[in-house]
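For reference, the structure discussed in these notes is given below.
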Amino acid sequence: MAKMIFVNLPVKDLNRSVEFFTKLGYTFNAQFTDENATCMVLSDTIYVMLLVEDFFKTFTNKDLTDATKSTEVILSLSAESREAVDELVKKAVDAGATLIKEPIDQGFMYGHGFQDLDGHLWETMWMDPSAVH
């Protein structure tokens, strides 16, 4: 069985976050969705649990980071092509995200990113498969 990853992110407004990520083309697993949380499906092995902040706090004794003011993590996802990178970032911005910075083009690798509605940083990148050894 392949390793799976479940990223847990606090959100202020679950419905608003679901609407935002739906516009980016992601789907949600209804089996793991209620008024406190939802399971966003990124791939067969990558899931993001969007948790309402008060519910998220039940999983930690630490204070939550205000992602609009400080960086907690940058979530980086691969894309099939340069065009797919630009397409996802455009969808995000059209849905209300803000750009992190200009795209980075290193020839064999191309990336761009955005800040979602709660301030979480997302990056999408394409790498030429022939450049990976």
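Only the coordinates and a few stated rules stand behind these numbers; no lab work does. Just so it is clear, the structure is predicted and the values come from calculations on it, not from any experiment. Glycine also receives a Cβ, built like all others from the backbone with ideal geometry; neighbour counts cover every protein chain displayed.
When the chain is treated as a GNM with alpha-carbon contacts under 10 Å, the residue of S43, S76, S17 showing the greatest mean-square fluctuation is S43. Of all lysines in the structure, those lying under 21 Å Cα to Cα from K62, and not within fewer than 8 positions of it along the same chain, are K12.
Label-to-label distance for S70 and Q106 is 2.8 nm, based on points extended 7 Å past Cα in the beta-carbon direction.
Can you give the Rg to Rh ratio for the range 1-61, taking only C-alpha atoms and Rh from Kirkwood? Across the range 1-61, the Cα-based Rg/Rh ratio is 0.97. To test your reading of the geometry: what angle, between 0 and 90 degrees and rounded to tens, separates the Cα axis of helix 82-94 from the longest principal axis of the chain? The answer is roughly 40 degrees.
Counting only residues at least eight positions apart within a chain, or on another chain, the aspartates and glutamates with an alpha carbon under 15 Å from that of K69 are D116, D118. As a rough footprinting exposure proxy, the listed residues M40, M125, M1, M109 were ranked by other beta carbons within 10 Å of their own, and the order from fewest upward is M1, M109, M125, M40.
Peptide packing: for 48-57, 96-105, the average count of neighbouring Cβ atoms within 10 Å per residue gives the ranking 48-57, 96-105, highest mean first.
Short to long, the 5 Å bins of the Cα pair-distance histogram for the range 65-133 hold 4, 18, 27, 23, 15, 9, 4, 1 percent of all pairs.
For GluC sites (Glu not before Pro), the sites in the range 76-133 that DSSP calls loop and that have at most 10 other Cβ atoms within 10 Å are E80. Once the chain from A30 to A95 is taken as fully extended at 0.36 nm per residue, the excess over their C-alpha distance is 21.2 nm.
When Cα extents along the principal axes in Å is calculated directly from the model, which label among (1) 68, 33, 26; (2) 39, 35, 30; (3) 44, 38, 28 fits? So the calculated entry is the one marked (3). Could you check what % of the DSSP bridge pairs in the range 1-61 are antiparallel, to the nearest 5? In the range 1-61, approximately 55 percent of DSSP beta bridges are antiparallel ones.
List the aspartates and glutamates whose alpha-carbon lies under 16 Å from that of K3, not counting same-chain residues fewer than 8 positions away? Filter leaves D44.
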